[in-house]
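Peer 1: Would you mind keeping the following structure in view while I ask a few things?
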Amino acid sequence: MPDWEKRFRAPRVSLPDWAEDAPDRSLFVSNATGTYELYAWDRATGEQRQVTHRPNGTTDGVLSPDGACIWWFDDKDGDEFGVWRRQPFAGGEDELAAPGLDPSYPAGLALGRDGRTAVVGRSTDEEGTTIHLAREGEAPVEIYRHRESAGVGDLSHDGSLIAVEHTEHGDAMHSALRVLRADGTAVAELDDTKGGTRELGLEVLGFAPVDGDTRLLVGHQRRGRWEPLVWDVASREERDLALDLPGDVSAEWYPDGSGLLIAHSIEARSELFRYDLASRELEKVSTPPGTVSGATARPDGSVEYLWSSAAEPSAVRSTRGGIVLEPPGMKSPGSVPAEDVWVQGPGGRIHALVQKPAGAAGPLPTVFDIHGGPTWHDSDSFAAGPAAWVDHGYAVVRVNYRGSTGYGRAWTDALKHRVGLIELEDIAAVREWAITSGLADPERLILTGGSWGGYLTLLGLGTQPDAWTLGIAAVPVADYVTAYHDEMEALKAMDRTLLGGTPEEVPERFEASSPLTYVDEVKAPVHISAGVNDPRCPIRQIENYVKRLEARGATHEVYRYDAGHGSLVVDERIKQVKLELDFAARHLP
């Protein structure tokens, strides 16, 4: 078995979540059986048990604070539309967790410490967002409803307060906060959008883990980046921490409420700190160079974190030392380190990560692997996809274009109205650097990506037809107007924010940003993969694009598979990568 395939097949685990009142009980995700599923782990006995068994996998699960049960989201073959089910931690039959609630897209979930209360967020095309208080043995009660997107943030330690993130002002990229009582009446509001005139967002990071404590940890963007503050929703007092750390900063509570675990992200890498609320002292938590993709403080004061780098596979580590949770079986081979590149672009300095075969000298066939989101970023973390291209002799360039997170609010919010075209300007600038630096062979350039990265691939092939030798797009937006009408409601709200309205209100913007507009200009061979149950980049709009390729006899291949926005089945993912590698081998000079 080649190393690239071993990286996909090697068992891996997520950062374990643990029960607040039963910290020996944990829940994690693993691909140990070849499909990503939920697992229960009793730390006291060492026993691990597979919780879910579904053909297309399961990753959405929540462990109740008392550790008694596991809630998991049951959709149909990846369509993300379904219901919450519940299973005892020790095993047993699944049951409907919130009887009386119809199937929907999930919009957050918070479970009460009493073991019988849940706050359930739902989203549907017909209703918008609704939030319900569900108590065992009682009919769910609706406590919130709005057409715009919203979600459950958190439930206070004593169950009396519910924090909600909402976008009632119409800007899906910047949420405001409302705290409700259990009957749905408002307790407090925190809104930095000022009627939508200022692009400042807030996010719920969690209530203090202390009974009767009304402090809520909040993320804000008031100084042009994400930072935490402590908001007492009873007194309305705000405590701005004003930490002297560049880049984006997030936080979560230590279990006793005395301090915060600070996660600091800058320029595609991250680190951890402990902030003492009484002394206001910031202390570094030692982690290796690379990316911490998740961290949690344990009751004994230690910190567990999921760490990796581009060269080293992920592992769940602890500040106590060593690996916390070791997956069974084959170990994943490593890869090559990522190098940083900064390129001056039309909107400022662009950060890119470059990997290439060890000892290789350019110019090399080069893959521009474009991340999804768009509000996301590539980091110095382990990824089996880029490593597979490197194994086959390609250089890989990953661009954190305008719209990416981790480089300040202005960089993320630059993505408005000229959607897709803005990102491609940045990608073009990095492409020019790759050629002039001697890294990339201009006759052998591949543009590829998944989701938003797949969208940018198709748009780039049409708007920059002479720049790319071939394109490989996974689960892409291909026909923006049809995609808007078919996608889930929360993504419609995001598109209205990005483009400034609906296709009927701003048709010229949707047309300018749609790959379908430029399909007749595409010169490069195109490979497209799509999930037939995808609610984010639905299949109909992809078929519209493919029909246009077929009509003009353009070189293309389409692979359709029975899942949603990507697959949780290892064999399926490997099949897709094999198809992509083979497509490149056949069509690249």
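The values are calculated or read from the model by the stated rules, or taken from the named source; none is laboratory data. Keep in mind that what you see is a predicted model, and the values were worked out from it rather than measured. Using ideal geometry, Cβ is built from the backbone for each residue, glycine included, and neighbour counts are taken over all protein chains shown. The protein model used for the area step is the full one, side chains on, heavy atoms only, and it has no ligands, DNA or RNA in it. Shrake-Rupley method; radii C 1.70, N 1.55, O 1.52, S 1.80 Å.
Peer 1: Under 24 Å from the Cα of K416, which lysines turn up, not counting those fewer than eight places away in the same chain?
Peer 2: Correct list for K416: K194, K492.
Peer 1: In whole angstrom, note down how far apart the Cα centers of segment 1-31 and segment 312-346 are.
Peer 2: Taking the Cα centre of segment 312-346 as reference, the centre of segment 1-31 is 14 Å away.
Peer 1: Stretch R222-V210 to full length: gain in nm at 0.36 nm per residue minus the Cα-Cα span?
Peer 2: 1.6 nm
Peer 1: Net charge within 14 Å of L579 by Cβ-Cβ distance, Lys/Arg positive one each and Asp/Glu negative one each, not counting L579 itself?
Peer 2: Taking every other residue near L579 into account, the sum is -1.
Peer 1: How many angstrom lie between the C-alpha centres of segment 366-434 and segment 488-567?
Peer 2: Going from one Cα centre to the other spans 19 Å.
Peer 1: At 1.4 Å probe size, with no ligands or nucleic acids counted, give the accessible surface of R444 in Å², nearest ten.
Peer 2: 60 Å²
Peer 1: With every protein chain present, what accessible area does R9 have (1.4 Å probe, heavy atoms only), rounded to the nearest 10 Å²?
Peer 2: Near enough 80 Å² of accessible area.
Peer 1: For an R0 of 56 angstrom, estimate the FRET efficiency from the Cβ-Cβ distance between T124 and D240 and round to the nearest 0.05.
Peer 2: E(calc), rounded to 0.05, equals 0.90.
Peer 1: Could you check the spin-label model distance between T436 and K575? Points 7 Å from the Cα along Cα→Cβ, value in nm.
Peer 2: Once both label points are built, they end up 4.5 nm from each other.
Peer 1: OK, next. What share of the DSSP beta bridges in the chain is antiparallel, in percent to the nearest 5?
Peer 2: DSSP beta bridges in the chain are roughly 85 percent antiparallel.
Peer 1: Could you look at segment 126-241 and say what percent of its accessible area is carbon and sulfur, using a 1.4 Å probe and all protein chains?
Peer 2: 43 percent
Peer 1: Sticking with this one: From the list (i) 84, 68, 34; (ii) 72, 68, 48; (iii) 66, 54, 49, can you say which value of Cα extents along the principal axes in Å was derived from the structure given?
Peer 2: The value computed from this structure is option (iii).
Peer 1: Mind putting a number on the dipole of the chain about its Cα centre? Charges go on the C-beta only, +1 for Lys and Arg and -1 for Asp and Glu, and I need it in Debye to the nearest 20.
Peer 2: 1300 debye
Peer 1: Can you sort K6, K492 by 1.4 Å-probe accessible area, starting with the largest?
Peer 2: So the residues, ranked largest to smallest area, are K6, K492.
Peer 1: In addition: Taking square-rooted eigenvalues a ≥ b ≥ c of the alpha carbon gyration tensor, is segment 156-219 rounded, prolate or oblate, where a/c under 1.5 means rounded and, failing that, a/b exceeding b/c means prolate?
Peer 2: Since a/c reaches 1.5 and a/b is larger than b/c, the shape of segment 156-219 is classed as prolate.
Peer 1: Using alpha carbons only, how many degrees (0 to 90, rounded to 10) separate the axis of helix 421-436 from the longest principal axis of the chain?
Peer 2: Relative to the chain, helix 421-436 is tipped by roughly 60 degrees.
Peer 1: Counting Lys +1, Arg +1, Asp -1, Glu -1, what net charge surrounds A554 among other residues with beta carbon under 10 Å of its beta carbon?
Peer 2: +1
Peer 1: So, one more: Given the whole protein assembly as supplied and a 1.4 Å probe, what does the accessible area of I266 come to in Å², nearest 10?
Peer 2: 50 Å²
Peer 1: Using just the helices of the chain, give the 222 nm mean residue ellipticity in deg cm²/dmol: DSSP H runs with n ≥ 4 each add -39,500 (n - 2.57), and the total is spread over all residues, rounded to 500.
Peer 2: -5500 deg cm²/dmol
Peer 1: Say each of R320 and D42 gets a label point 7 Å from the Cα, pointing the same way as Cα to Cβ; how far apart are those two points in nm?
Peer 2: 1.8 nm
Peer 1: Suppose R0 equals 41 Å. What FRET efficiency, 1/(1 + (r/R0)^6) with r the Cβ-Cβ distance, do R540 and E142 give to the nearest 0.05?
Peer 2: That gives a FRET efficiency of 0.80.
Peer 1: Label points 7 Å out from Cα along the Cβ direction at A410 and E189: separation in nm?
Peer 2: It works out to 3.0 nm between the two label points.
Peer 1: Once fully extended, how much extra length lies between L421 and D158, figured as 0.36 nm per residue of separation less the alpha-carbon to alpha-carbon distance?
Peer 2: Result: 89.8 nm gained on full extension.
Peer 1: Below 24 Å, Cα to Cα, which lysines can K578 reach? Residues fewer than 8 away in the same chain don't count.
Peer 2: Correct list for K578: K6, K331, K356, K523.
Peer 1: In addition: For the chain, find the longest principal axis of its Cα atoms and tell me its angle to the long axis of helix 570-587, 0 to 90°, nearest 10.
Peer 2: Around 20 degrees separate the two axes.
Peer 1: May I ask for the angle, rounded to the nearest 10°, between helix 539-551 and the longest principal axis of the chain, with both axes built from Cα atoms and the value confined to 0 to 90°?
Peer 2: 0 degrees
Peer 1: Would you mind calculating the gained length between D24 and K523 on full extension (0.36 nm times residue separation, minus the Cα-Cα distance), in nm to one decimal?
Peer 2: Gain in length upon complete extension: 173.9 nm.
Peer 1: Using a Förster distance of 41 angstrom, determine the FRET efficiency expected from the C-beta separation of D3 and A278, and round it to 0.05.
Peer 2: Efficiency, rounded to the nearest 0.05: 0.25.
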